[in-house]
């Protein structure tokens with residue numbers, strides 16, 4: 001599923017979340033090295049995604065028929081491709097990304113937008129009550 005970076009996505013469910021990392025083969029994407037601390041923080045978010053689905057989205061950039069992508073996040077094995085993460089910025093913006101964003105960054109040199117990286121680095125961690133309150137507000141439609 002493709003959405004341009006920073007476009008509105010999933011309007012029926014989360015009306016004002018901004019898409020990040022919804023990549024596909026038909027659309028070029030920015031590439032660069034991402035600092036290690038950003039990758040570590042991204043791993044923490046992908047290890048505890050607030051939304052999971054019943055199926056898997058394959059990585060179109062890999063030469064494999066594997067439906068899910070294995071990853072080691074926070075010393076635990078995970079399968080990427082069936083969940084979404086939320087990142088909340090200090091300016092009130094909310095971002096929605098597939099958990100494959102971790103794979104795209106680490107394996108395909110995807111460079112997320114700076115606004116997303118800034119939000120990621122300042123967002124409460126997924127295991128905190130502050131983050132859980134933000135997710136709950138999004139789920140009941142009071143935020144983002």
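Annotations
- Yes/no for residue 59 being in contact with a strand residue (DSSP E or B) (Cβ under 6 Å, 6 or more places away or on another chain), modelled with pLDDT of 90 or more, closer than 17 Å to residue 108 by Cβ and assigned to a helix (DSSP H, G or I): no
- Filter result (more than 15 Å from residue 48 (Cα to Cα), assigned to a loop (DSSP other than H, G, I, E, B) and touching a strand residue (DSSP E or B) at 6+ places or on another chain (Cβ under 8 Å)) within segment 67-90: 68, 89
- Sole residue being touching a residue at least 40 places away in the same chain (Cβ under 8 Å) and either surrounded by 18 or more Cβ atoms within 10 Å (Cβ to Cβ) or more than 15 Å from residue 5 (Cα to Cα) (or both), chosen from 70, 129, 112, 90: 112
The values are calculated or read from the model by the stated rules, or taken from the named source; none is laboratory data. Everything numeric here is computed off the predicted structure, so don't read it as measured data. Positions of Cβ are generated from backbone atoms using ideal geometry, with glycine treated the same way; all protein chains shown enter the neighbour counts.
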